[in-house]
Ligand code: BG6
């Protein structure tokens, strides 16, 4: 018989006991932008880790494409140098030893002729079976051009599908597109039209790395695999919801990029919308890619689209000035490299939205995100109503916060229930306490990096954690009114000191509900 209530040891799974190790099919992985920042920081380390955990096929070939002039050997040395900081394993070293590099411009037909030649060669020599995955880790302005040029050279389908090459098996051909997916609704639609001219929707994998985070996926498990939470997950019990994506880093070396983006495009349009959709959507009938994504879109369609006068009252935008983080003086945003000294780009945004559906009518959703806040933390706080009548009035209940469930997405991943308890002693004093589930303490194996999970899913053809075109569109429809108003200096840009929790106007935004709402201190 199973017992409950006993302290349990963390579950540790070794590579050999894991029956859930998924093996990707044979594959040519073509990395456009192979020498760039994203490839170095995320993609190459993720591939190296997937090799270490036995997830990559024995017939895997990495082909890098970028502008930098170098040969195969130099490329291999570059990869080893990048990935040896995080992992070194013989599987990966073998893959790197067979990797190829193409130095060329993305608009140049010669680049694609060489690519086609190498793809055919590795199908024959390394058994990649006509399967191709193109990863676009280039500057966003190249996404559409690359998709079209691949199609022009007939590289948008597997040679197995058009029968032009003698490779056995049923090949697939997929394209992985990074964010930002457009810079507003119109440009996103244009980009989509270009990519759709070349690839079918089921070949397109739009990445939002937040969906690869274990805790974001756990929102689905928490809500739909347990009977106790769903009955209270609605307007009758939930008072309001807060989503916080706080970063202590500034714009680092990405000043020029960030100038064009700002917090709304960089975080709200994608990461926040995805987290909100999973937190607030209806249960899917089955957990297949289409049903989950259908429910997400349905939720996004019920999010309030702010009218211009509502932007004035429901949104605060801010920019950091010089301040201190962890005891170090950090410069103002306007003094960062690549940033216009008179920039009006927002590095912080707070907003209040309502969800126009039966379940959430009248429940405010507060969102805030910013750079150079005191710490890195992403969380969703679902705050419940107060009890209808508090018998323990006055002083005894003074320290009592409303009940809340906090989904900690990062760091220190977990879920925490906060509720009132009696303080030991003779009087009936109450205090808010918490019941905590921590991923790190419960499961001994570390969470995989989001990119590892997503790359593997793209290789095995599971699109559940990728964004569909209609989700992208809807998310832009929600944020476009903000961007239009910002261009008109509405609301006026506020400032906040680096290392603080944002502009004071954001506190007013949440407190003016008159219901005692305040930002949680994560
Ligand atoms: C990226 C943004 O999408 O997400 C960055 O472009 C941001 O500006 C990053 O720093 C945050 O990701 P994470 O996983 O560290 O929360």
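The values are calculated or read from the model by the stated rules, or taken from the named source; none is laboratory data. Keep in mind that this is a model prediction, so the values were computed, not measured. Counting neighbours? That spans all protein chains shown, and the Cβs are built from the backbone with ideal geometry, glycine included.
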**Item:** Subset of region 402-428 that is assigned to a loop (DSSP other than H, G, I, E, B) and modelled with pLDDT under 90 - its residue that is surrounded by the fewest Cβ atoms within 10 Å (Cβ to Cβ)
**Value:** 426
**Complete:** Selection over region 446-467 where residues are touching a strand residue (DSSP E or B) at 6+ places or on another chain (Cβ under 8 Å) and surrounded by fewer than 20 Cβ atoms within 10 Å (Cβ to Cβ) yields a count of 1
**Asked** Does at least one position in region 296-303 carry a residue that is surrounded by fewer than 22 Cβ atoms within 10 Å (Cβ to Cβ), at pLDDT 95 or above and closer than 23 Å to residue 373 by Cβ?
**Response** no
**Message:** Out of 506, 518, 475, I need the residue that is buried (at least 22 other Cβ atoms within 10 Å of the Cβ) and touching a helix residue (DSSP H, G or I) at 6+ places or on another chain (Cβ under 7 Å). Which one?
**Reply:** 475
**Candidates 245, 297, 268 - the one that is within 16 Å of the ligand (Cβ to nearest atom), part of a helix (DSSP H, G or I) and touching a helix residue (DSSP H, G or I) at 6+ places or on another chain (Cβ under 7 Å)** = 268
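Does region 220-230 contain at least one residue that is more than 10 Å from the ligand (Cβ to nearest atom), within 19 Å of residue 357 (Cβ to Cβ) and free of Cβ contacts under 8 Å to residues at least 40 places away in the same chain?
So far as region 220-230 goes, no, none of its residues is more than 10 Å from the ligand (Cβ to nearest atom), within 19 Å of residue 357 (Cβ to Cβ) and free of Cβ contacts under 8 Å to residues at least 40 places away in the same chain.
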**Asked** Does residue 331 satisfy the condition of being over 30 Å from residue 490 (Cβ atoms), out of contact with any helix residue (DSSP H, G or I) (no Cβ under 9 Å at 6 or more places or on another chain) and more than 16 Å from the ligand (Cβ to nearest atom)?
**Response** no
**Asked** residue 175: in contact with a strand residue (DSSP E or B) (Cβ under 7 Å, 6 or more places away or on another chain), in a helix (DSSP H, G or I) and either surrounded by fewer than 16 Cβ atoms within 10 Å (Cβ to Cβ) or touching a residue at least 24 places away in the same chain (Cβ under 8 Å) (or both), yes or no?
**Response** no
**Request:** Please go through region 355-378 and pick out each residue that is within 16 Å of the ligand (Cβ to nearest atom) and touching a helix residue (DSSP H, G or I) at 6+ places or on another chain (Cβ under 9 Å).
**Result:** 367, 368, 369, 370, 371, 372, 378
**Message:** Given the criterion outside the structural domain of residue 157 (by TED's automatic domain parsing), at pLDDT below 95 and away from the ligand (no atom under 16 Å from the Cβ), identify the matching residue among 290, 217.
**Reply:** 290
**Complete:** residue 340: passes all of (1) crowded, with 20+ Cβ neighbours inside 10 Å; (2) part of a loop (DSSP other than H, G, I, E, B) but (1)
**Prompt:** All but one of (1) within 24 Å of the chain's Cα centre (by Cα); (2) over 25 Å from residue 274 (Cα atoms) hold for residue 433; which doesn't?
**Reply:** (1)
